[in-house]
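As structure tokens, the structure follows; a few thoughts come after it.
The values are calculated or read from the model by the stated rules, or taken from the named source; none is laboratory data. Because the structure is predicted, anything quoted here is derived from the model rather than measured. Glycine also receives a Cβ, built like all others from the backbone with ideal geometry; neighbour counts cover every protein chain displayed.
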């Protein structure tokens with residue numbers, strides 16, 4: 001699944017802004033599971049919100065991520081994924097919860113490109129919104145959790161520079177082009 005490119009990191013680090021920018025350039029993308037689940041659950045006053053039922057929230061995000069992965073896998077690449085299945089492991093680590101065997105299995109089965117882009121904490125752009133209630137401290141802890149989760153499954157993290165979104169987009173596209181050139185020389 002080398003054409004599925006994950007962008008991960010803590011809240012308010014510019015992940016979705018970057019993925020939106022790349023989509024504006026014509027690339028396919030996925031929607032962040034947590035944000036989508038919160039939006040849907042709020043719309044129906046559902047129980048699947050982190051502050052109501054953490055376990056249900058994780059299950060809903062897992063279902064969303066698996067469906068997104070399958071849909072994205074059918075698209076020509078690259079497809080930019082606003083988070084991926086290993087983010088759920090990071091979320092569980094962040095919350096101090098055990099990682100269920102089926103979440104581990106999903107993280108091992110539903111694969112992405114080995115290079116994962118990590119948006120680091122960036123205080124100058126950090127803000128909350130209707131779906132994001134996390135504090136700056138939680139953003140820092142989330143960053144640490146993602147730095148722990150992704151390497152568990154064999155991914156290489158590449159930290160995004162703290163630069164305007166267009167520059168971040170060029171950085172990502174250049175890194176992917178470099179990966180392609182390097183794999184051509186190895187093969």
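Just checking, how many residues over segment 48-72 are surrounded by fewer than 22 Cβ atoms within 10 Å (Cβ to Cβ) and more than 21 Å from residue 99 (Cα to Cα)? The qualifying residues number 2.
Looking at segment 76-83, can you tell me whether even one residue there is closer than 22 Å to residue 139 by Cα and surrounded by fewer than 21 Cβ atoms within 10 Å (Cβ to Cβ)? Among the residues of segment 76-83, not one is closer than 22 Å to residue 139 by Cα and surrounded by fewer than 21 Cβ atoms within 10 Å (Cβ to Cβ), which makes the answer no. The numbered conditions (1) in a loop (DSSP other than H, G, I, E, B); (2) under 19 Å from residue 18 (Cα atoms) are all true for residue 98 except (2). Looking across segment 6-29, the residues that are farther than 27 Å from residue 137 by Cα and either touching a strand residue (DSSP E or B) at 6+ places or on another chain (Cβ under 8 Å) or crowded, with 23+ Cβ neighbours inside 10 Å (or both) come down to 22, 23, 27, 28, 29. Kindly provide the set of residues from segment 136-155 that are within 29 Å of residue 2 (Cβ to Cβ), in contact (Cβ under 8 Å) with a residue 60 or more places away in the chain, within 14 Å of the chain's Cα centre (by Cα) and part of a helix (DSSP H, G or I), ordered by number. Scanning segment 136-155 gives 142, 143, 146, 149, 150.
Number of residues in segment 32-41 that are surrounded by fewer than 19 Cβ atoms within 10 Å (Cβ to Cβ) and either at pLDDT 95 or above or touching a helix residue (DSSP H, G or I) at 6+ places or on another chain (Cβ under 7 Å) (or both) equals 2. Answer yes if at least one residue in segment 83-99 is within 30 Å of residue 26 (Cα to Cα) and out of contact with any helix residue (DSSP H, G or I) (no Cβ under 9 Å at 6 or more places or on another chain), and no otherwise. No, every residue in segment 83-99 fails to be within 30 Å of residue 26 (Cα to Cα) and out of contact with any helix residue (DSSP H, G or I) (no Cβ under 9 Å at 6 or more places or on another chain). The single residue among 93, 56, 118 that is farther than 30 Å from residue 164 by Cβ, outside any loop (DSSP other than H, G, I, E, B) and in contact (Cβ under 8 Å) with a residue 24 or more places away in the chain turns out to be 93.
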